[in-house]
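Below is one structure, written out as structure tokens, with a few remarks after it.
The values are calculated or read from the model by the stated rules, or taken from the named source; none is laboratory data. Nothing here was measured: the structure is a model prediction, and the numbers come from that model. We place every Cβ from the backbone using ideal geometry, glycine too, and count neighbours over all the protein chains shown.
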Amino acid sequence: MEKEKKQPKSDVKYTAPALEKGLDIIELLSKEPDGLRLKDIGGKLEKSVSEIFRMVSVLERRDYLSFDPSTDQYSLSLKLFEVAFDNMPVNSLARSAGAIMEKLAQETGQPCYLAMAYKNQAMVIQQKDAPLDWLICARLGARFDLEVCCPGKLMLAYQDTPCDKDEEFARIRKQGYMQMNSPFLTGVEEIAFPIFDRLDQVTASLVINYINHPGSEQICDIQHAISKGQLAAIRISDKIKVS
């Protein structure tokens, strides 16, 4: 899960300037959730508007970029996520977990999501809402720092690389799940469970966003939610191993 290192320019054998320009635009906008105007894209990439105009136009036509005429800003669409989701391992895992997660949300009255490790982040590839009139859940495609979020810490605990958090990670593995206050939402507890593949390696994490509801809207307490989450994670793992 180490950060990807860029190849030194002196070692690059082949170049494709137009492709690299398009990738630079996509990578820039991935860090700009509010979008950027054309001249701002050029400024940040140290290129003129005329140099990037055609590339931006093609990316918009191919639905990789969205254009907001009210602000003249370009932003990333969900096309990249759709392309990644079509990747068989991700697609298969998300489909295998869907019905089980739906049942978990119904039985606990709590939203849940499934995350996979991608480089140094946890990316949401499936989510199910609680059966309530208002919703709180991570959106599909959302990415969180592995060392900060609950599913990230759980997945790090199961990797083989030694680190200065070995004692904490050993406790997580012994317990079989990770429980912590959400670093993103006040009043929400996150509970993450490991999903194992055919080689018994942790390939993903199932997460319950546990919220204390007033009165009759509380379907089950947190201990029952943990038990149901553990069972759901086992079922997803078993389904993956035979698929």
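Inclusion of L80 among residues that are assigned to a helix (DSSP H, G or I), hydrophobic (A, V, I, L, M, F, W, C), out of contact with any Cys (no Cβ under 8 Å at 6 or more places or on another chain) and free of Cβ contacts under 8 Å to residues at least 24 places away in the same chain is not warranted.
When residues in the stretch 191-243 are screened for being in a strand (DSSP E or B) and either among the β-branched types (V, I, T) or not assigned by TED's automatic domain parsing to the domain that holds R173 (or both), 7 of them pass. Counting only residues that are in a helix (DSSP H, G or I) and either surrounded by fewer than 13 Cβ atoms within 10 Å (Cβ to Cβ) or in contact with a strand residue (DSSP E or B) (Cβ under 7 Å, 6 or more places away or on another chain) (or both), the stretch 52-68 holds 5 of them. In this structure, F196 does not satisfy being crowded, with 18+ Cβ neighbours inside 10 Å, touching a Lys or Arg at 6+ places or on another chain (Cβ under 9 Å), more than 30 Å from V83 (Cα to Cα) and of a type in the set (A, V, I, L, M, F, W, C). Here the condition is being under 14 Å from the mean Cα position of the chain (by Cα) and not aromatic (F, W, Y); of I136, I195, I172, I125, it holds for I125 alone. Here is the figure for the stretch 99-131: residues that are in contact (Cβ under 8 Å) with a residue 24 or more places away in the chain, more than 13 Å from V207 (Cα to Cα) and not in a loop (DSSP other than H, G, I, E, B) total 6. Residue-level check: of (1) surrounded by fewer than 22 Cβ atoms within 10 Å (Cβ to Cβ); (2) at pLDDT below 90, L146 misses just (2).
Within the stretch 165-174, can one find any residue that is assigned by TED's automatic domain parsing to the domain that holds E102, under 21 Å from Q110 (Cβ atoms) and not in a loop (DSSP other than H, G, I, E, B)? Yes, there is a match, as at least one residue in the stretch 165-174 is assigned by TED's automatic domain parsing to the domain that holds E102, under 21 Å from Q110 (Cβ atoms) and not in a loop (DSSP other than H, G, I, E, B). For the stretch 134-163, the set of residues classified as of a type in the set (D, E, K, R) and under 22 Å from E32 (Cβ atoms) consists of R139, R143, D145, listed by residue number.
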